[in-house]
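One structure is given below, encoded as C-alpha cells.
The values are calculated or read from the model by the stated rules, or taken from the named source; none is laboratory data. Just so it is clear, the structure is predicted and the values come from calculations on it, not from any experiment. A quick note on method: Cβ atoms are made from the backbone with ideal geometry, for glycine too, and the neighbour counts reach across all protein chains shown. Please note that ligands, DNA and RNA were not included when accessible areas were found on the heavy atoms of the full protein model with its side chains. Shrake-Rupley method; radii C 1.70, N 1.55, O 1.52, S 1.80 Å.
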Amino acid sequence: MSTRSTVVELTPGAESRRSLVGDLWRHRDVLAMLARTDFQVRYKRATLGVLWAVVVPLVQAAVLAAVFSRVLRLASSQDYAVFVLSGVLPWTYFATSATAGATAVVDGAEITEKVWFPRAMLPIVPALANFAGFAVALVLMVAIMPIFGVVPDQNLLWLVPACGLLVAFTAAFSLVAAALHVYFRDVRYLVQAGLLVWFYATPVIYPLRLARGLKPLLEANPMTGILGLFRAATSGAEPHWLLDAAIALAWTLALLVIAVEVYRRRDRVLVDLL
C-alpha cells in the first residue's frame, strides 16, 4: 500500500506568479477554515455573539448621525441617517479588518512554522472573517431604510460590486501592510494612527461637496469611491461617483500587483525575519 505526500521544493529563485496564485487556490479550503475559526473564536464567549458585529457599528452610526446632523445642520435631510449608515458600516469593516490583517503574518508565525501554506493567506483571513457580520449589518440597514424615508429600489444591485470592491481593497491593503510589518514592526502603530486620520479624510459622515478645496484630494482616496458605490445603492449617488469608484479599483489592482510581487519574491526572506 502506497501513500501520496505533498513535496514542497524550495529553490533560490523567486516563485512565479502562476505558482503563487496556484498555491493560494489549492489551499482555498485552508483559507476558509482559518476565516471560519477566526470568526467563531472572536464571538465564542460573548453572550450576544455575532450580534456585536452588528450592534457596534449601528450604535456608532446612530451617535454620529445624531451629533453631526446638528453640527453640519443636515437634520432637514431625512436620509442623512441612511447616508451615515452606508458610510460607517463599510468603514468599520475596513478599519477592523485592516488593523488585524496588517499584523497577520507576524501574529500567525507560529502556525506557519507547524503547517505549510502560503503566508499570503493570513492577511486575507480577517477580511473574510469580518464579512459575515458586515453582511448581516448591511441587510439590517436595508430593512430599516424605509423608516428614514428611503425606499429601496433597483439601485440596491450596486451593493454587489460595492461589497466586492470593499473586500478586495481591504485584502490588498492588508497584504501589503502585513509584508511591511515583518520588516518594520512600527507598521502596527502606523496603521492604527493612520486609520484615525483616514476616517476624517473620507466622506463617511459628511457629503463630499462640503470638502470644497480638498475635494480633489479626497477623490483620490480609494475609500471615497468605495463609499460612493454604497451610497449609489442606498442614499443616492454623489457627483462623479463612477470616476471615484474607478480610482478605488485602480488602487486595489495596484496594491494587488505589489502584494503578488512582494510575496513571490520575498516570501522566503520573510521566514527569516519572523
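Filter the stretch 87-126 down to residues that are of a type in the set (Lys, Arg) and free of Cβ contacts under 8 Å to residues at least 40 places away in the same chain, then give me how many there are.
1
Okay, residues lined up against (1) at pLDDT 90 or above; (2) under 23 Å from residue 207 (Cα atoms); (3) touching a helix residue (DSSP H, G or I) at 6+ places or on another chain (Cβ under 7 Å):
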| site | (1), (2), (3) |
| --- | --- |
| 39 | no, no, yes |
| 44 | no, no, no |
| 62 | no, yes, no |
| 67 | no, yes, no |
| 87 | yes, yes, yes |
| 93 | yes, yes, yes |
| 118 | no, no, yes |
| 127 | yes, no, yes |
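Note down all Cβ pairs under 6 Å where the first residue falls in the stretch 130-152 and is modelled with pLDDT of 90 or more and in a helix (DSSP H, G or I), the second is of a type in the set (Asp, Glu) and open to solvent by 20 Å² or more (accessible area, probe 1.4 Å), and they're at least six residues apart or on different chains.
none
Do we have residue 4 as at pLDDT below 70, assigned to a helix (DSSP H, G or I) and out of contact with any helix residue (DSSP H, G or I) (no Cβ under 7 Å at 6 or more places or on another chain) here?
no
Just to verify a result, which residue in the stretch 73-85, among those that are out of contact with any helix residue (DSSP H, G or I) (no Cβ under 7 Å at 6 or more places or on another chain) and either open to solvent by 60 Å² or more (accessible area, probe 1.4 Å) or among the charged types (D, E, K, R) (or both), is modelled with the lowest pLDDT?
The extreme case among them is 76.
Can you pull out every residue in the stretch 89-124 that is of a type in the set (A, V, I, L, M, F, W, C) and closer than 14 Å to residue 177 by Cα?
Across the stretch 89-124, the qualifying residues are 94, 95, 98, 100, 102, 104, 105, 106, 120, 121, 122, 124.
If we only count helices (runs of 4 or more DSSP H) wholly inside the stretch 163-274, which ones have 2 or more residues that are over 21 Å from residue 65 (Cβ atoms), open to solvent by 50 Å² or more (accessible area, probe 1.4 Å) and not β-branched (Val, Ile, Thr)?
187-200, 215-219, 241-273
Give 237, 171, 254 a once-over and let me know the one that is out of contact with any strand residue (DSSP E or B) (no Cβ under 7 Å at 6 or more places or on another chain), of a type in the set (Gly, Ala, Ser) and more than 23 Å from residue 124 (Cβ to Cβ).
Being out of contact with any strand residue (DSSP E or B) (no Cβ under 7 Å at 6 or more places or on another chain), of a type in the set (Gly, Ala, Ser) and more than 23 Å from residue 124 (Cβ to Cβ) holds for just one of 237, 171, 254, which is 237.
Among the residues that make up the stretch 17-26, is at least one of them modelled with pLDDT of 85 or more, closer than 28 Å to residue 191 by Cα and part of a helix (DSSP H, G or I)?
no
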